[in-house]
Structures are given as C-alpha cells and as structure tokens.
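Everything on this sheet refers to the single structure shown next.
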Amino acid sequence: MAKNLVIVESPTKAKTIEGFLGKDYVVKSSFGHVRDLSKKNLSVDINKDFHPFYEVTSDKIKVIKDLKKLADESDIVWLASDEDREGEAISWHLVETLKLNEKKARRIVFHEITKSAIIEAINNPRGIDMNLVDAQQARRVLDRLVGFELSPILWKKIKPALSAGRVQSVAVRLIVEREEEIKNFKPVSSYRVTASFTIQTKNGNMELRAELLDKFASKEEAITFLEKCKTANFTITDIETKPVAKSPAPPFTTSTLTQEASRKLGFSVANTMRIAQQLYESGKITYMRTDSVNLSNLALSMAKDVITNTFGADYLRLRKYTTRTKGAQEAHEAIRPTYLEKQTISGDLSQKKLYDLIWKRTIASQMSDALREKTNVLINISTTKEKFVARGEVIKFDGFLKVYLESTDDENGESEEGMLPPVEVGQSMMFNEIYTVQKFTQPPPRYSEASLVKKLEELGIGRPSTYAPTLSTIQKREYIEKSDIPSISREYDHLTLKDTQIRATIKSEKTGSSKGKLVPTDIGILVNNYLLQNFINIMDYNFTANVEKEFDEIAHGQKVWNDMIRDFYGPFHKQVETAMSSTEKAKGEKLLGVDSDSGKNVYVKLGKFGPIVQLGETDNTIKPKFAALKKEQSIENITLQEALDMFKLPRILGHIEGEELIVALGKFGPYIRHKSSFYSLSKYDDPLTITSERAFELIEEKRKKEKEKILKEFEEDKKIKVMKGRWGPYIAMEKDNYKIPKGKDPLKLSLADCHNIIHVSKPSKSKRKRKKS
C-alpha cells in the first residue's frame, strides 16, 4: 500500500493532484462533506452549550468505510480540502470520523492546483484550524436553529411545507421590497431637446449634433423654447478639451465574476460557480470562492511577461489592488488563470468562455490606463439664455481596452461618444432641425441573480460560499422566480422645429420589459410580510450583516462560538414562543370588491395549493365558490373583473364524439376534459376564450403523440403494449411499466415474451411525479 493517503473533496480534483504526486501517494475523494446535522431532528443540544450532533450522511457510509481502510493502511493522511471554512470543517469531520490521531493527520492548503503549489503545501503542513471550524459550526448551528424553529410557525400560520432561513429570508425581502418600489413608482416626464446643425469646414459642410443642457418640465415650456429658436443665431462660444484616463477593473472575486458572467455570457450564478469549480479542480484557475482582489507576486510576474511580449512595454502597468468589500475574509488571491501564458484552454464551450473572461480580466487589470480626449463644444442661442453642448471623444491610447471592458447592469459596455467635426470659437451655424422628446423617469430595475449577489455583498450579507446556495434555495422554495416581464405600450410627445414650422406628434414606445429577472411569488410576499411583522430582527439587514462579522471574529479566535449562539438564541426563542401562542393566521387575504350579479364579496387569498379567488363568505350556510389563479396572475395584481372571469370556468364548449368537451382550471393550470381524459392548454390558449375547434386540435395533437409512442400492440391482450419512452422502450400493462432486458428487440417481442418479462420483473418507479397532462 501507498504510505500516503491524500483526501480531497472531488474526484476531478483528486485526479488532477494524483498526476503531480509519485507512487507513494494515493489520492481519494470524500465527495464533499461526510457528516452533517441530522435532517430528522434539531441535532443541537440547547442545554449543553448548543453542542451539535453530527451523523455520517447515508450517501457517505461506503465512502467513509473505504477511506477508513486506506487511512489505517497509510503512514500519513494528508487532508487537502479547500482552504476556506467549509474546507476546514470537512477536514475536521474526516479526522473525527476516521479517528485519525495528531501524529498521522496533516492539514495542507493551496489556492491553485499546480505541482509547485501541491509540493509546497506538503512541505508546509499544519494542524486543523479550530477557529475556522468553529466559525463554520456557528453558521451551521445558527441556521439550523433559525430554520428549525421558524419553519413550524410558517406551517401553522400560513401553510404546510414552508421553511425559513437566516440569509435566504433577507434575500427574499430585498426582492419583495424592490417589487413594492416598482409597484408604487410614479414616472415623472421631462422634455429633452436635441439639435442638428450644419457647419462649414475645409472639407465642406458637416453635421454637428448637440443637446440642450437644460430639460423642460412641460410641453408648453418646450414649445416656447422652440418658438425662440425660429429666429435665433447659433454661435460656438467655447471649446473645452481635456484628457481623461480610465483605469481597468480589478481582478475577479466570486461576486464580480458572477455579475460579469451574467452580463457578458448570460450565465446564472449557479452555472458560473459550477463551471468555475470545474476549471479550478482541473488546475486551470485559482480558487473560485474568494472576496480578495489581490494577485500574488508570481501572478504579477506572469502578467508582466504576457503583456510585454504580446502588446509591448507601453501597455504594462502593474497594480496591487486592495479589497474594499464589507466584511471581506480569507487571505486568498483573486480568481485568475493558474498559468497566465495560456490564453486558451481545452474543455467544453462554457468552460472556454468563462476562462476567456477570467484571463482577459486578469491581464487587463495589469495594463496601462486608456487615455481619451474629451471635447465639449458650447453653443450660444441669441434669443434665450439656454445653451446647447456637443460632446465628442477620441481615444488617444487604448491601453487595457485592447483586451477588456467591464460591463454594467444598465448596458452591455459603455456607449462611447464619437468624433466631432473641426470647429472654432465664434463660428456660426444653421440648424437643420431641433426636436424635443418627452422622456420618463424609470423605476428601479428588478434584481437579476448577479445584481442580487452584488447587493448582498454591499450589505455584508453572506459570503462567497453562500451566494449560489442562497439563490438556489429561495427559487427551489418558490418564494421567488425568474420571470420575463412583458413590455407595455406608452405614448409620448415628439415636437420638431424645421423650416420655422413646429410639428407636434404623439408617438408610442415599448417600455418596462425585462428578461430573467427575479420577482417574488405570492407565497414569497406572504412569508416575507409575516416574518417582518413577527421577526424583524431576523429580517433586519444590519443584524444579518453583524452575524457575519461575528462569524469572522470566531474565525480569528476573537469570540467563542457557543457564546455567540447563546446571545442570539435567548431573545429569538422568546419571539418564537410568542408567535406560536398567537391564534392569528397570516391569510394574505384581500377583498377585491363585490360581484354585482350576486351581491357577494370577492376575495383573493392563498389556498392549500396556491393563490385562489373566493366568491362568498366562508361562514355562511351556502358554501363559497373557489377558483385557482392562472400562472401569470398573482394576489398582488389580479383585478375584480379578472377574478369574476375565473368563475366562468369550467365552460362547456360543446359535444364531440358524443361526449362533453369541458375547459377548466386545475392545480397544474388550464386543461380540457373529454371522455375522462385530460389535455393541457398551451401557454398561448386562454381558457376563457378557447373555441371547441381549437380544443379538439389539442386533443388530436396529444392522441397523435400517444399513438407514435406505441411500438407494438396485441389483439389477444389490449392491456399490454410495447411503448417508446423518454428513457427507451418499455412494456406497459395498465398503469405499470416494465423494463425490457438488454439485448431484446422491442419490435420482435411476442405476447408470451411480454408476459415472461412482467412475471419476473418489478414495475419501474417513475422518474418524476406524474402530472395531469
């Protein structure tokens, strides 16, 4: 047996490291955490300093058994999990579970998977850093206490199967509050004036475009200004030219990488982190969970060689960046390529794209400033005090722009101003046209995944290792969802002065659309509002950020983790007891109005399976009517008329093939019922307006698809069919499905063959929950 056992988290990382070490080393993976708090109970002893009870997770029992055997046969066990708190905790759990003694266990850390880094780590081992372990334990225990005690309250007060979390609930609050801001936003309009002038130059007449420095609040003011321009003389009174230097953005942190990958590549936060992990574990980039913008001296030396050899010495300007992130932790490097001389890598397209982004950002961060010359031309109007200004820009030296320009949340890159024609002070011009456009202020934008990460980082909430899991959790719990918001049409004034004539027109524009933005669901809004009313401290941004600071203090040995939990738990538990003893429920109920036909109240509220509308009172002898909301509707935006329309369902569309054709709305959306079968409507079909002809088209489409699935039928036994499924051919008998053994041709199966397979096989379990089709 090898004398040395190296344990890492992932098989990919194990494979990469194994290539750097000799035959005396065997490298194995723990596949992440091997122990955790039990899912079945609290697993924290509140009366004994919040002592946690860990157990080996069911999927790691064999992993631990195999690692234990290898560890017993090895002289030294090298614990090479990641160098952050989670990694330190994994190493500690391995020591505890494998029962390793101090003489045998060695802890090694590295931020890049290269041969030199691995050898240096082995030459400089250390023990387990219990401060880092305690910081991870504090986070795990605190989050368990919050989730374990808050969730039953939500089950009782709102609906079953809900859950709450310390960071997740605050993230949901941000999204709910942003939605409220958008809902309450009142746009204000102003009138922006732009002019097109003809100016004489040595090369003939050229166009000069300029904008009025002032905006007008009303249409009347804009018209008055245009009237003054009819007889005005326009003269250049000042030309201001000044050099402007633009510096590159610092190298990537976890947060900035997820933001830029979202803007430039369209990657979700989870996808970015998954790909970055693959790049790290295969030795292509440094550790991907970091809030440091620092580069090592080795990286700076590599960058110097690459920039000088590729672009020339004029493009080189080495920089040391300082981390300004609130609560930044861990002495990592920024995210950078392991070998900067490698501009491209092998891998799939996503890996290549993300690596290219990281390479460009790293190299650009060590390149010269871009030098630009900005020119402002001031234009006097003889009949009024307002002035026009024409702006232009020339790039004198591209510097880092030769490689990379950071995007923004508002636009993909910067809109550069173009060059101006040659002009002189005192020069007069004639206007071609002057036009005024009504512009409206915009509501704050909805969060994307990346901009939410940015906001959490600004508030000091969460850490690089928690961003992706937080986003994943709040979407999985259906508190928020990614939505494409359709645009709405809006009219605006357009005034044009040309040939001394002012022409007023009304134009329309599409506004308000967005793709893939985060919006709260009805249940997310209800849970958020309840928690704000009853657990304001848990939902407070400063409280959540201060908790992160306390974790940092524990990691630095400045605070005892049990004391920190105790200080939090006492007041929190009293709040839980108060909330549980209250009889009041959070219904999220809203009175929409009164049905003019029946005189009954119409409500919208959260039901057992989602938002519903209710016609009538629950305390009357006559039961109220209920109807489920359509997917695009919500408690927040449904109108009284839309709610009343819901009670028009189910609708009888007519009779086809001797049976009623009915359209209705169910748990999974609108559907057609015909001959005891169910058929989903497409997202383009409205159950309130769909015709019998269109409904029968959908029935025929599904029948055709179902028929195409049948590979073989038997006249002797109609219950048995050979079918074509998503996972390959199978035998169907009534509601049970049976796998066809390998090597058997499904088209050549006889009825007897099918009976034999059914007799010796167990029905296959469905790979997904069956839904109404």
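Here's the picture: charge each Lys and Arg Cβ at +1 and each Asp and Glu Cβ at -1 in the chain, and of Leu371, Ser255, Phe626 the one pushed furthest to the positive end of that dipole is Phe626.
What ranking, highest mean first, results for peptides 373-379, 354-360 when packing means the other Cβ atoms within 10 Å averaged over each residue?
On the way: 373-379: 17.7, 354-360: 21.6.
Descending packing order for the listed peptides: 354-360, 373-379.
Ignoring ligands, DNA and RNA, please state the percent of accessible area on region 319-409 from carbon and sulfur, probe 1.4 Å. Before the final figure, lay out each step's value.
Values: 1930 of 4010 Å².
Answer for region 319-409: carbon and sulfur cover 48 percent of the accessible area.
How high is the FRET efficiency between Leu42 and Ser472 when r is their beta carbon distance and R₀ equals 25 Å, given to the nearest 0.05? Once rounded, the FRET efficiency stands at 0.60.
In debye, nearest 20, what is the charge dipole magnitude of the chain about its Cα centre with +1 on Lys and Arg Cβ and -1 on Asp and Glu Cβ, if you could check? Intermediate values should be presented prior to the final figure.
On the way: 127 positive and 109 negative charges, 509 e Å.
The dipole magnitude comes to about 2440 debye.
Within a straight-line Cα-Cα reach of under 12 Å, Lys585 cannot be paired with any aspartates and glutamates, leaving aside sequence neighbours fewer than 8 residues apart in one chain.
Give the accessible surface of the chain per residue, rounded to a whole number of Å², with probe radius 1.4 Å and ligands, DNA and RNA excluded. Spell out each step's value before the answer.
Numbers: 40670 Å² over 773 residues.
In whole numbers, the chain has 53 Å² accessible per residue.
When all protein chains stay in place and ligands, DNA and RNA are ignored, the 1.4 Å accessible-area order of Arg85, Arg477, Arg503, largest first, is Arg503, Arg477, Arg85. In plain terms, the bigger the Kirkwood radius, the slower the diffusion; for the chain, with that radius from Cα pairs, at 20 °C and 1.002 mPa s, Stokes-Einstein puts D at 66 µm²/s.
Hey, which of these cross-link pairs are over 25 Å Cα-Cα: Lys60/Lys608; Lys159/Lys482; Lys396/Lys439?
Details: Lys60/Lys608 36 Å; Lys159/Lys482 23 Å; Lys396/Lys439 34 Å.
Too far apart for the 25 Å limit: Lys60/Lys608; Lys396/Lys439.
Note on Thr323 and His759: the model spin-label points, each 7 Å out from Cα along the C-beta direction, lie 6.9 nm apart.
Once the C-beta distance of Glu716 and Lys739 is scaled by a Förster radius of 25 Å, the resulting FRET efficiency is 0.65 to the nearest 0.05. Other residues lying with their Cβ under 14 Å from the Cβ of Lys39 contribute a combined charge of +1, Lys and Arg counting +1, Asp and Glu -1.
Is the shape of region 57-104 rounded, prolate or oblate, going by the alpha carbon gyration tensor and its root eigenvalues a ≥ b ≥ c, with a/c under 1.5 for rounded and a/b larger than b/c for prolate? Oblate, because a/c is 1.5 or more while a/b does not exceed b/c. Among the listed pairs Lys39/Lys69; Lys183/Lys605; Lys455/Lys549, a Cα-Cα separation exceeding 22 Å is found for Lys39/Lys69. Working value for region 685-732: equivalent-ellipsoid semi-axes of 30, 13, 7 Å, each the square root of 5 times a Cα gyration tensor eigenvalue, largest first.
Radius of gyration over Kirkwood radius for region 191-243, both on Cα atoms: the Rg/Rh ratio is 1.04.
Determine the gain in length on full extension of the stretch Ala752-Ser598; use 0.36 nm per residue of separation and subtract their C-alpha separation, reporting nm with one decimal. Don't skip to the end; give the middle numbers.
Working: separation 154, 0.36 × 154 = 55.44 nm, distance 6.27 nm.
The span from Ala752 to Ser598 would gain 49.2 nm if fully extended.
Sorting the Cα pairs of region 58-171 by distance into bins of 5 Å, from 0 upward, gives 2, 11, 15, 16, 15, 13, 9, 8, 6, 4, 2, 0 percent per bin. For region 124-267, the fraction of 1.4 Å probe accessible surface lying on carbon and sulfur atoms is 48 percent. Per the Cα gyration tensor, region 656-771 maps to an equivalent ellipsoid with semi-axes of 33, 15, 12 Å, ordered largest to smallest.
Apply the a/c threshold of 1.5 to the C-alpha gyration tensor of region 277-374 and tell me whether it is rounded, prolate or oblate. Display every interim value, and only then the final one.
Values: a/c = 1.76, a/b = 1.17, b/c = 1.51.
It comes out oblate by the Cα gyration axes.
Be a star and scan region 418-445 for residues whose amide nitrogen sits under 16 Å from the point 7 Å along the Cα-to-Cβ vector of Lys374. Once the point is set 7 Å along Cα→Cβ of Lys374, 418-420 turn out to lie under 16 Å by backbone N, inside region 418-445. When a/c reaches 1.5 or more, the comparison of a/b and b/c decides; with that in mind, is region 571-679 rounded, prolate or oblate per its Cα gyration tensor? Prolate, since a/c reaches 1.5 and a/b exceeds b/c. Normalising the average separation of contacting C-alpha pairs (under 8 angstrom, six or more residues apart) by the number of residues puts the relative contact order of the chain at 11 percent. Heavy-atom accessible area for Lys721, with the other protein chains in place and a 1.4 Å probe, reaches approximately 60 Å².
Charge dipole of region 345-501 (Cα centre as origin; +1 on each Lys and Arg Cβ, -1 on each Asp and Glu Cβ, all else neutral): 440 debye, rounded to the nearest 20. Stretching Glu706 away from Ile536 to a fully extended chain increases their span by 55.9 nm, per 0.36 nm per residue minus the current alpha-carbon distance. Normalised by 2.2 N^0.38 Å, with N the number of residues, the alpha-carbon radius of gyration of region 333-422 equals 1.63.
Want the number for Ala504 to His556: 0.36 nm per residue separation, take away the alpha-carbon distance, what's left?
Details: separation 52, 0.36 × 52 = 18.72 nm, distance 6.79 nm.
That works out to 11.9 nm of additional length.
The values are calculated or read from the model by the stated rules, or taken from the named source; none is laboratory data. No experiment lies behind these values; they were computed from the predicted model shown. Note that we place each Cβ from the backbone using ideal geometry, even for glycine, and neighbour counts take in every protein chain shown. Calculation scope for accessible area: heavy atoms of the full protein, side chains included, ligands and nucleic acids excluded. Shrake-Rupley method; radii C 1.70, N 1.55, O 1.52, S 1.80 Å.
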